[in-house]
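Everything on this sheet refers to the single structure shown next.
The values are calculated or read from the model by the stated rules, or taken from the named source; none is laboratory data. Small disclaimer: the values here were computed from a predicted structure and weren't measured. In this analysis, Cβ positions are derived from the backbone assuming ideal geometry, glycine residues included, and neighbour counts consider all displayed protein chains. Protein only, heavy atoms only, side chains kept; ligands, DNA and RNA dropped before computing areas. Shrake-Rupley method; radii C 1.70, N 1.55, O 1.52, S 1.80 Å.
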Amino acid sequence: MRWHSTRGGGPGRAVPVALTAAAALVALSVASPSAATGAPAPQAPRAQAGTDWLHTEGNRIVDAQGNEVWLTGANWFGFNAGERVFHGLWSVNLETITRSMAQRGINIVRVPISTQLLLEWKNGRAAVPSAVNTWANPELKDRTTLQVFDAFLALAEKYGMKVMLDVHSAEADNSGHVHPVWWKGAVTTEDFYAAWEWVTARYRANDTLVAMDVKNEPHGTQSSSPRAKWDASADQDNFKHVCETAGKRILAINPQVLVLCEGIEIYPRNGTDWTSTAAADYHFTWWGGNLRGVRDHPVDLGAQQDQLVYSPHDYGPLVHQQPWFQGEWNRATLERDVWDPNWLYLHKENTAPLLIGEWGGHLDNGPNQKWMTALRDLIAENRIHQTFWCINPNSGDTGGLLGYDWTTWDEAKYALLKPALWQSGNKFVGLDHEVPLGGVNSTTGISLGDHYGTVPAAG
């Protein structure tokens, strides 16, 4: 997604909070040699560890007992950027914002990161970030970027949320997502795979981190170089092959984690192939949103095929005036002309689950809001998994769920999103079998065990 990193207003007011038990555990663990070397981190104790892993059945995502779940969350970026840490920590407390998300029904957080940062962590070169306000976050004083991420995972567990990691760009760069492919400069495709293997190994025992989004928004047009394509080859620029390779390497280490594969930007029309440089020979859509190729060339994860989720992105006319926003249009035309042929067919034909990894935008009381409402309704009616873009207010062409004080919620935007968050009996449903969404004393959320009336035995 395109965005800028304007902080707006500088550091805001925040009230320090006491060090929580989960954060205290991380504070102890991050000082250990394992944190410095990148070895697997000690995990917070669970009453029944490892019960929350997910897999797929047709177009559904289910828990180990086959109970259907609905992943409904949001994105929080920053680890992918030059700051190498969540944006907003220059202003507010990590636990405050994590708790607020959970209390409002965010049951999974998609965390963009860069291959470069993962490799820095892997090689023991995690640095203390300058973009953390240690008055607002005293428990993060002198903590490295890796230790901040570990602290977030502990807090996510405390508040009943799950986490998805997304390699957003090759380099740690606020505009790194603009680069169309997964390799760049000193970062090779093999580095990309190695980074995924390392982070999977580090957290393979932690069922708070339940999903890996292989690469954000591969794209490029027919005349671009490099650009991402989708076919049966093992070519360097074939994203289908990369999804399979990365996915199999991830699943060889943790066969229980979900692997998300996004689409690309273009796909050849019938009777043409990737050698053509004529625009008329291709179907175009959003970056990462074109999964037409799955029909002819599905991703094959072998014995762990039931860990595969396809993950398109979709945006509105304020991001770009696509051809389908010209003239008269509505939900029916969007479904017919854009969503069905590019990705919705995978859900309708029961091929695999969909998780719309990015969607969102400014409320304009006009076309953008019309698009957002139409997609929200599609998501809610079909229980399509989704992570809204985004928590951050500093996303240039979409805005966020939070205001520039990083504390106040945009209530109108949240009200639009709310029907696409998993709810039952006027409570939000989490993905943790034991911990209610919002924490042990939550008044707004319940656990997966609460919802289904069971707490599974440890696997």
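For GLY438, indicate whether it is in contact with a Pro (Cβ under 8 Å, 6 or more places away or on another chain) and modelled with pLDDT of 95 or more.
no
Could you give every pair whose Cβ atoms fall below 8 Å, whose first residue belongs to segment 167-183 and is part of a strand (DSSP E or B), and whose second residue is among the β-branched types (Val, Ile, Thr), counting only separations of at least 6 or pairs across chains?
VAL167/ILE113; VAL167/THR115; VAL167/VAL214; HIS168/ILE113; SER169/THR115
Contact list please: Cβ distance under 6 Å, first residue in segment 56-76 and within 13 Å of TRP422 (Cβ to Cβ) and among the polar types (S, T, N, Q), second residue open to solvent by less than 10 Å² (accessible area, probe 1.4 Å) and part of a loop (DSSP other than H, G, I, E, B), pairs at least six apart or on different chains.
The qualifying pairs are THR72/ASN107; THR72/LEU421; THR72/TRP422.
Take the residues in segment 108-155 that are in contact (Cβ under 8 Å) with a residue 40 or more places away in the chain and among the hydroxyl-bearing types (Ser, Thr, Tyr); name whichever of them is farthest from TRP198 (Cα to Cα).
SER130
Considering each of GLY430, GLY449 in turn, give the residue that is open to solvent by less than 10 Å² (accessible area, probe 1.4 Å) and closer than 14 Å to ARG104 by Cα.
Selected residue: GLY430, the only one of GLY430, GLY449 that is open to solvent by less than 10 Å² (accessible area, probe 1.4 Å) and closer than 14 Å to ARG104 by Cα.
Kindly list, by first and then second residue, each pair from a residue in segment 342-364 that is closer than 19 Å to LEU318 by Cβ to a residue that is among the aromatic types (Phe, Trp, Tyr) and at pLDDT 95 or above, limited to pairs with Cβ atoms under 6 Å and residues at least 6 apart or on different chains.
Sorted first by the residue in segment 342-364, then by its partner, the pairs are GLU358/TRP389; GLY360/PHE388; GLY360/TRP389.
Hey, among the residues in segment 385-424 that are in contact with a helix residue (DSSP H, G or I) (Cβ under 8 Å, 6 or more places away or on another chain) and surrounded by fewer than 22 Cβ atoms within 10 Å (Cβ to Cβ), which one's farthest from LEU344 (Cα to Cα)?
THR407
Would you be able to tell me the number of residues in segment 207-230 that are closer than 30 Å to ALA156 by Cα and either surrounded by fewer than 24 Cβ atoms within 10 Å (Cβ to Cβ) or touching a strand residue (DSSP E or B) at 6+ places or on another chain (Cβ under 7 Å) (or both)?
11
On the basis of being of a type in the set (S, T, N, Q) and in contact (Cβ under 8 Å) with a residue 12 or more places away in the chain, does THR373 make the cut?
yes
Just for segment 83-97: of the residues that are assigned to a helix (DSSP H, G or I) and not aliphatic (A, V, I, L, M), which one is nearest to GLY403 (Cα to Cα)?
Going through the qualifying residues, I end up with THR96.
Residue by residue, here is whether (1) charged (D, E, K, R); (2) closer than 21 Å to ARG110 by Cβ; (3) under 19 Å from the mean Cα position of the chain (by Cα) holds:
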site: TRP230; (1), (2), (3): no, no, no
site: SER233; (1), (2), (3): no, no, no
site: ASN238; (1), (2), (3): no, no, no
site: LEU258; (1), (2), (3): no, yes, yes
site: GLU262; (1), (2), (3): yes, yes, yes
site: LEU291; (1), (2), (3): no, yes, yes
site: ASP296; (1), (2), (3): yes, no, no
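Name every residue in segment 98-155 that is closer than 23 Å to LEU401 by Cα and assigned to a loop (DSSP other than H, G, I, E, B), in order of residue number.
Those that are closer than 23 Å to LEU401 by Cα and assigned to a loop (DSSP other than H, G, I, E, B): ARG104, GLY105, ILE106, ASN107, ALA131, VAL132, ASN133, ALA136, ASN137.
Just the residues that are under 19 Å from the mean Cα position of the chain (by Cα) and of a type in the set (A, V, I, L, M, F, W, C), please, taken from segment 310-343.
Across segment 310-343, the qualifying residue is only TRP343.
Output the strands (runs of 3 or more DSSP E) that fall wholly within segment 243-349 and possess 3 or more residues being at pLDDT 95 or above and of a type in the set (A, V, I, L, M, F, W, C), or say none.
258-261
Taking only segment 155-170 into account, find how many residues are more than 22 Å from PRO218 (Cα to Cα) and open to solvent by less than 10 Å² (accessible area, probe 1.4 Å).
5
Go through segment 177-206 and give me each residue that's closer than 30 Å to GLY105 by Cβ and open to solvent by less than 30 Å² (accessible area, probe 1.4 Å).
Those that are closer than 30 Å to GLY105 by Cβ and open to solvent by less than 30 Å² (accessible area, probe 1.4 Å): HIS177, TRP196, VAL199, THR200, ARG202, TYR203, ASN206.
Could you please find all residues in segment 61-82 being assigned to a loop (DSSP other than H, G, I, E, B) and either of a type in the set (Lys, Arg) or surrounded by 21 or more Cβ atoms within 10 Å (Cβ to Cβ) (or both)?
Once the filter is applied, which keeps residues that are assigned to a loop (DSSP other than H, G, I, E, B) and either of a type in the set (Lys, Arg) or surrounded by 21 or more Cβ atoms within 10 Å (Cβ to Cβ) (or both), segment 61-82 yields TRP70, LEU71, TRP76, PHE77, GLY78, PHE79, ASN80, ALA81.
Restricted to segment 241-289, and to residues that are of a type in the set (D, E, K, R) and crowded, with 24+ Cβ neighbours inside 10 Å, which residue is nearest to TRP182 (Cα to Cα)?
Once the filter is applied, the top-ranked residue is GLU262.
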